[in-house]
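Below is one structure; the comments refer to it alone.
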Amino acid sequence: LGTITQQISAYMTDHIFPMGDAFLDLHSGGSSLDFIPSAAIEPTDDPALAARNFAAARAFDAPCTVIIGNLGDPRTATATACRAGLVTVGSELGGGGRVNAAALSVARRGVRNVLAHFGVIASSKASSINADRPIYELKGTPAYVYATAEGIFEPFHELGSEVRAGQAAGLIHRVWEPSIVPEQLSYAADGIVYARRQPGRVRPGNCCLAVATPQ
């Protein structure tokens, strides 16, 4: 499986990306996290490309726009697209691997908006309802809250809640050992709760929460 994945990745990089001008990556939060529906800006060291990425992500017009560097991991599709010089827009549309009407509506409108932004379809097909919202960023490791023990995670805040560094984020309960005091997790960054773990069961190292900080 690893060899096949590498071959597909090489084919995308060497043959598909050079034929394109832009890359739009649609996600539904994987299986573990729920997200505020959002457009994601992929960081790049190229100032001109960074400006085009920013403009395209804003055109997507999701309820939230977030700069996500994936802790510098160069293996992501969006990082690869940026290295290929493509204008790149990522997204997180809901979560838990589910499909829901609200997130699907954001996705459909966002795709139309980006196509209109690039002149592929008429500008009359675009619409804007979130233009004045702030830009957020996941600022490195402090943006994430990870499980430190095995158990059931009890989050203290809903998506979109404003939180502060040092504030209690939730508890991990070892329900099979009720005599053990639940382990408290805390935030390490100021901002809003951007992502929250969807399954209750956690093991050490599982991402429980992500905090997006206003720019």
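Evaluating 6.51 cos²θ - 1.76 cosθ + 1.60 at θ = phi - 60° for every residue in the range 144-160, the Karplus couplings come out as 10, 10, 10, 5, 10, 8, 7, x, 10, 8, 10, x, 9, 9, 7, 4, x Hz, glycine and proline recorded as x.
Here the accessible area of the range 62-215 is 53 percent carbon and sulfur, with a 1.4 angstrom probe and all protein chains present.
Magnitude of the charge dipole for the chain, about its Cα centre and with charges confined to Cβ atoms of Lys, Arg (+1) and Asp, Glu (-1), is about 420 debye. Distant-in-sequence amide contacts of residue 208, defined by a placed amide H-H separation under 5 Å and a gap of 5 or more residues or a different chain, comprise 145, 146, 147. Residues of the chain were split at every exposed loop site, defined as chymotrypsin sites (Phe, Trp or Tyr not before Pro) in a DSSP loop with at most 15 other C-beta atoms within 10 angstrom, and the longest piece left, sites excluded, is 1-117. Between the Cα long axis of helix 101-117 and the first principal axis of the chain there is an angle of about 30°, rounded to the nearest 10.
Going by accessible surface with a 1.4 Å probe and the largest first, 150, 162, 92 read 162, 150, 92. The listed residues 14, 34, 190 rank as 14, 190, 34 when sorted by accessible area, largest first, using a 1.4 Å probe. Here the 3J(HN,Hα) profile of the range 121-131, calculated from phi with Karplus coefficients 6.51, -1.76 and 1.60 at θ = phi - 60°, is 10, 5, 5, 5, 7, 8, 8, 9, 10, 10, 4 Hz, Gly and Pro shown as x. Heavy atoms of the protein chains alone define the surface here; on that basis the chain has 52 Å² accessible area per residue at 1.4 Å probe size.
The values are calculated or read from the model by the stated rules, or taken from the named source; none is laboratory data. In this text, all values refer to a predicted model and were calculated from it rather than measured experimentally. Using ideal geometry, Cβ is built from the backbone for each residue, glycine included, and neighbour counts are taken over all protein chains shown. We work out accessible area using only protein heavy atoms, side chains counted, and drop any ligands, DNA or RNA first. Shrake-Rupley method; radii C 1.70, N 1.55, O 1.52, S 1.80 Å.
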